[in-house]
Structure formats: C-alpha cells, structure tokens
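The values are calculated or read from the model by the stated rules, or taken from the named source; none is laboratory data. These numbers come from a predicted model, not from an experiment. Cβ sites come from the backbone with ideal geometry, for glycine too, and all protein chains shown count toward neighbours. SASA here: full protein model, heavy atoms, side chains in, ligands and nucleic acids out. Shrake-Rupley method; radii C 1.70, N 1.55, O 1.52, S 1.80 Å.
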Amino acid sequence: LGSGSRPRDLAGRRVVVSAGGTREPLDPVRFLGNRSSGRQGVALAAAAAARGAHVTLVAAHVEVPAPAAVDVVPVQTAAELAEAVHSRAAAADVVVMAAAVADFRPSARASAKIKKSDDPSRDPVVVLERTPDVLAGLVADRARSGAGTVLVGFAAETGDETGSVLDHGRAKLARKGCDLLVLNEVGEGKGFAAPTNAVVVLGRDGSEREVAETSKDVVADAVWDAVVPMLPPHVP
Ligand code: CTP
Ligand code: CA
C-alpha cells in the first residue's frame, strides 16, 4: 500500500506512539535493556502520518530512522517514557504503547563505574524495583478525566501450560483495560528485529482481527483500521 493510496481517515487527529526499548542504568556505562528494535512502532507512526494524523513518536533507542513527518521525543528510561507519554496523552486522540517498557529497574544507580575487587565474595548483587506501568496509568487517568482517548497496547506472548497465546492476550487486555491489544506470538525468530510480524488485534468489544505474517507496514495499517471506528466524531 503506497502512502498515496492510504485513506486520510486520521486527518486532524493527534496521535502519540511509543516505540523501541527502554534502558535502565546500572552505572554510568551499563544498563538493563531489551531487544526491541522499534520497527513496528516506527511503522505505526509513519502509517498514521500518511493517513493524515499529527504524530508524536516517543522513541526509546529506536534502531531505524524516524519518519520525516513525525515529531520525535527521544527517551532513555521507563520513567522518562512515562513522563513524555503522560504529558502528551490528554491532548491526544490515540495513544499507542508499542514500546517495550522495562518492568523493573535497578533500585540504585551507581554514580561511578562498578569495579571488580580482588574478593569475588564482594561481587555486586543487583536489586530491582518496579517501574511505573504507563499504559495502566493512561487507563486510570482516562477514567478520572472522562476523556475519549483511544488506548492501544501491545503484548508479545508465548503459550504455556496455563493457556494459549490468545488466552494470555485476552487476559492481558482485560487486566490492562485498554481498547485494543495488538498481540503477537514470540519465539523462533518471530517479532523483535524481524521486518515482518503476525498479530491478532484484540478489541475490548471481543473482536479479533487476525493479520497473517506480513510487513510491519501492513500490520500498522491494520491497527489503524481497528482504531478509526473507535474514534469519536472529529470536530475540525
Ligand atoms: N507497558 C507499559 N508500562 C510498563 C510495562 C508495559 O506501559 N511498565 C505497556 C507496553 O508498552 C504494552 C503493554 O503495557 O503496550 C503490555 O506490556 P507487557 O510487557 O506485555 O505487559 P505487562 O503488563 O508488563 O506484563 P508481563 O510483562 O508480566 O507479561
Ligand atoms: Ca512487561
């Protein structure tokens, strides 16, 4: 789908997309991070801009170039990402949380580089604390303010003895309280750095849109196709 043939169904809408993976510092030279490349979030931002939206990309270590027509807010940590997203959410029609946000961060950050000593029994132990759940915070803020912001989450899941990928996705959608959850199965080279993705877009209304393995650009348009009918009428 070329940008010229895309519908302009996000014209005048304000969209915030978080993308990439946060990094939580241990000391001035080390961090805890994850393998998210930011490709799917960048594809979402580009597709929204092509459909007419004003797009802010909150970018945590995104490995691919940002689209030209998008405002980029670079962030490092989960706390910075939370601040960047929350401060823009009230004015947004849609917030898409495509970023892989750290669940835990080191509870202390050493101000100087951590060194080895001669005594291995004194090797450091990293203690972790929870980061804020940005999406849960957006859902809570929306409930308080009564705003009509459409909230979209992402989840990468594996099936296990307690349930299938779809079971875990449905449970997460209910737990998070967002409107849509873009679910992908991870493992065996699926997801992360790959140029393609296969997802199921789960709706709060029980809908399920399956998008078989395709480019992250096509996945992005399928997500916006699901978002557009949830938007309140636009008053220009
Ligand atoms: N998310 C967030 N803030 C966090 C962690 C996750 O906003 N601190 C968002 C992600 O951007 C994603 C959604 O929540 O849109 C689901 O993330 P996921 O890691 O799948 O869910 P968690 O609730 O963190 O559960 P778990 O990792 O234990 O499966
Ligand atoms: Ca998580």
Quick check for you: with a 1.4 Å probe and neighbouring chains kept, what is the accessible area per residue of the chain, in Å²? 51 Å²
Going residue by residue through the range 220-225, the Karplus relation 6.51 cos²θ - 1.76 cosθ + 1.60 with θ = phi - 60° gives ³J(HN,Hα) values, rounded to whole Hz and with x marking Gly or Pro, of 4, 5, 5, 5, 5, 4
In whole Å, what is the distance between the alpha-carbon centres of the range 57-125 and the range 8-53? 12 Å
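Give me the percent of accessible area attributable to carbon and sulfur for the range 26-81, probe 1.4 angstrom.
Numbers: 1260 of 2310 Å².
Ligands and nucleic acids excluded, carbon and sulfur give 54 percent.
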For LYS113, list the aspartates and glutamates whose Cα falls under 16 Å from its own Cα; do not include residues on the same chain fewer than 8 positions away. GLU24, ASP27, ASP123
Name the long-range amide H neighbours of ALA53: under 5 Å, sequence gap of 5 or more, or other chain; modelled H, no Pro or chain starts. LEU10
Between HIS86 and LEU166, what is the label-point separation in nm under the 7 Å Cα-to-beta-carbon projection? 3.7 nm
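Restricting the count to DSSP beta bridges whose residues both fall in the range 29-148, what percent are antiparallel, rounded to a multiple of 5? Provide the component values of the computation, followed by the final result.
Details: 3 of 8 bridges.
If we restrict to bridges inside the range 29-148, about 40 percent are antiparallel.
Share of antiparallel DSSP beta bridges in the chain, in percent to the nearest 5? Walk me through the numbers on the way to the answer.
Details: 19 of 46 bridges.
About 40 percent, rounded to the nearest 5.
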Taking H as built 1.01 Å from N, whose amide H comes closer than 5 Å to the amide H of LEU32, not counting residues under 5 places away? GLU24, LEU26
Per 5 Å bin from zero, what fraction in whole % of the C-alpha pairs of the range 108-236 is there, up to the bin with the longest pair? 2, 9, 15, 16, 15, 12, 8, 8, 7, 5, 3, 1, 0, 0
Which of ALA100, ALA155, ALA110 fluctuates most in a GNM of the chain (C-alpha springs under 10 Å)? That residue is ALA110
Equivalent-ellipsoid semi-axes of the range 42-103, from the Cα gyration tensor, Å, largest first: 18, 14, 9
Tell me whether the range 161-236 comes out rounded, prolate or oblate; compute the Cα gyration tensor, take square roots of the eigenvalues as a ≥ b ≥ c, and use a/c under 1.5 as the rounded threshold. oblate
Of all stretches in the chain that avoid GluC sites (Glu not before Pro) placed in a DSSP loop and having at most 10 other Cβ atoms within 10 Å, the longest is 1-160
Which percentage, to the nearest 5, of the DSSP beta bridges contained in the range 111-221 is antiparallel? 70 percent
What list of ³J(HN,Hα) values in whole Hz, one per residue of the range 37-48 in order, does the Karplus curve 6.51 cos²θ - 1.76 cosθ + 1.60 (θ = phi - 60°) give from phi, with Gly and Pro shown as x? 8, x, 4, 5, x, 5, 4, 5, 5, 5, 5, 5
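Can you classify the range 66-155 as rounded, prolate or oblate using the Cα gyration tensor, where a ≥ b ≥ c are the square roots of its eigenvalues, rounded means a/c under 1.5, and otherwise it's prolate if a/b beats b/c and oblate if not? Could the numbers behind the result be given before it?
On the way: a/c = 3.44, a/b = 2.23, b/c = 1.54.
Prolate, since a/c reaches 1.5 and a/b exceeds b/c.
Provide ASP179, ASP205 ordered by accessible surface of protein heavy atoms (probe 1.4 Å), highest first.
ASP205, ASP179
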Folded to 0 to 90 degrees: helix 134-145 orientation relative to the chain principal axis, Cα: 50 degrees
Considering the dipole of the range 1-57 built from charges on the beta carbon (Lys and Arg +1, Asp and Glu -1) around the Cα centre, which of ALA48, GLY38, SER18 is farthest to its positive end? ALA48
For a label point 7 angstrom out from the Cα of ARG204 toward its Cβ, which stretches of the range 123-156 have the backbone nitrogen within less than 18 Å? 134-155
Name the long-range amide H neighbours of LEU128: under 5 Å, sequence gap of 5 or more, or other chain; modelled H, no Pro or chain starts. SER107
Under the rule rounded for a/c under 1.5, else prolate if a/b exceeds b/c, else oblate, using alpha carbon gyration tensor axes a ≥ b ≥ c, the range 197-236 is classed as oblate
Taking the C-alpha atoms of the chain, convex hull volume expressed per residue in Å³: 149 Å³
Place a label point 7 angstrom from the Cα of LYS115 along the Cα-to-Cβ direction, then list the residues of the range 16-39 whose backbone nitrogen is under 20 Å away. 26-31
Report, to the nearest 10°, how far helix 78-89 tilts away from the longest principal axis of the Cα atoms in the chain, using its own Cα long axis and a range of 0 to 90°. 20 degrees
Volume in Å³ per residue [convex hull over Cα atoms, computed for the range 1-119]: 112 Å³
